[in-house]
1. Would you pick out the residues in segment 211-249 that are open to solvent by 50 Å² or more (accessible area, probe 1.4 Å), over 20 Å from the mean Cα position of the chain (by Cα) and either farther than 21 Å from Ser177 by Cβ or not basic (Lys, Arg) (or both)?
2. Given (1) of a type in the set (S, T, N, Q); (2) open to solvent by 50 Å² or more (accessible area, probe 1.4 Å); (3) part of a helix (DSSP H, G or I), identify the lone condition not met by Ser278.
3. Output the qualifying pairs, or none if there are none: Cβ atoms under 7 angstrom, residues six or more apart or on different chains, first residue in segment 301-314 and over 16 Å from Arg262 (Cβ atoms), second residue part of a loop (DSSP other than H, G, I, E, B).
4. From the set of residues in segment 138-159 that are open to solvent by 20 Å² or more (accessible area, probe 1.4 Å) and of a type in the set (A, V, I, L, M, F, W, C), which is nearest to Arg198 (Cα to Cα)?
5. Restricting the search to segment 281-299, which residues are farther than 19 Å from Pro147 by Cα and open to solvent by less than 40 Å² (accessible area, probe 1.4 Å)?
6. I need the full set of residues from segment 187-210 which are more than 21 Å from the chain's Cα centre (by Cα), modelled with pLDDT of 95 or more and not aromatic (Phe, Trp, Tyr), in order please.
7. Can you name every residue in segment 69-84 that is buried (at least 18 other Cβ atoms within 10 Å of the Cβ) and touching a strand residue (DSSP E or B) at 6+ places or on another chain (Cβ under 8 Å)?
8. For Ala223, all conditions in the list (1) under 19 Å from Glu97 (Cβ atoms); (2) in contact with a strand residue (DSSP E or B) (Cβ under 7 Å, 6 or more places away or on another chain) hold save one; what is the number of the exception?
Amino acid sequence: MSVARGVLARILTQPCVELMAARPIKRLLPRISLNQTRSWCSDGPIADRAEVRLSRLDGEDNGIVEVLMCRERARNSLGRLFVGQLRELVSSLHHDEAVRVVVFRSLIPGVFCAGADLKERAQMSNPEAELFVHGLRSLMNDIAALPMPTIAAVDGFALGGGLELALACDLRTAAHSAQMGLIETTRGLLPGAGGSQRLPRTVGFAIAKELIFTGRRVGGKRAAELGLVNQSVPQNQTGDAAHKEALSLAREILPQAPIAVRMAKVAMNRGAEVDISSGMAIEGMCYARLIPTRDRQEGMAAFIEKRPPRYIGE
């Protein structure tokens, strides 16, 4: 019982739970418009260094935000600038309650993220490399801690840190032609940005050990069979089949009550860290947060009136 109390006390102090309390969903930081984002990536000297940007979808897709990775010359490898820009965008999303689903995708054909920037890494001293990887691990934790559902659209190679980025997301879609693997042992290393912990929790320990020990790559179809990705689809002529599948999945999430979805994420993520008795207590706490919401009342009314619910995030 004391363990459950300790877990609950820790969770109650987590910022993500405070953000998802039963109150109106409103933006805590200024919203970046699509036009502003495009300007940042296409005009002036700053644009020459832009390697990650945001795209906020509108119309019926309002609430879906895409993180676009566009480091073309280095195949979205995890260099200092790329990581710094990604960290800033993730931080802004964490505090933006207008966002209901985040999709991570690449604008570079044939690649999601190629992993470490080995050219940069070769110039680092041992302490610098260790510090940089610590920062990568922190970034992946920040992505995993985003309060809304996240989806990685893997339309190409996702190797090493690239797969660790995808694993930090809640859901993953992939093209059959995608190639994924934690290949660090082939470079004399082990996955250091969360892969050694998240892969076993995703596919099971025996399969994860096999993949990490051998440094093996798997295609999108095999990844789906292993449970590494949620959906795998044939690649299309435009090379964005996984992205289209990710959008389809995001559109299924979008109409659901946003506070309920966020609290469900808390219940599952926190519950997975503890014994089932403590997990049940966490579930009960999350459920209690939803009882006074207007969205819960709307859901019940819509059911009785036999109409689609209109959730407003309150």
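1. Phe213, Thr214, Glu225, Pro234, Gln235, Asn236, Gln237, Thr238
2. Here Ser278 clears every test but (2).
3. Correct list of pairs: Ala302/Pro308; Ala302/Pro309.
4. So, considering only residues that are open to solvent by 20 Å² or more (accessible area, probe 1.4 Å) and of a type in the set (A, V, I, L, M, F, W, C), the one nearest to Arg198 (Cα to Cα) is Ala144.
5. Across segment 281-299, the qualifying residues are Ala281, Glu298, Gly299.
6. Leu190, Ala206, Ile207, Lys209, Glu210
7. Met69, Arg71, Arg75, Asn76, Ser77, Leu78, Phe82
8. With (1) under 19 Å from Glu97 (Cβ atoms); (2) in contact with a strand residue (DSSP E or B) (Cβ under 7 Å, 6 or more places away or on another chain) applied to Ala223, the lone miss is (1).
The values are calculated or read from the model by the stated rules, or taken from the named source; none is laboratory data. Fair warning: this is a prediction, and the values are worked out from it, not measured in the lab. Because the Cβ atoms are built from the backbone with ideal geometry, glycine has one as well, and the counts that use them run over all protein chains shown. Just the protein is used for accessible areas: all its heavy atoms, side chains included, with ligands, DNA and RNA removed. Shrake-Rupley method; radii C 1.70, N 1.55, O 1.52, S 1.80 Å.
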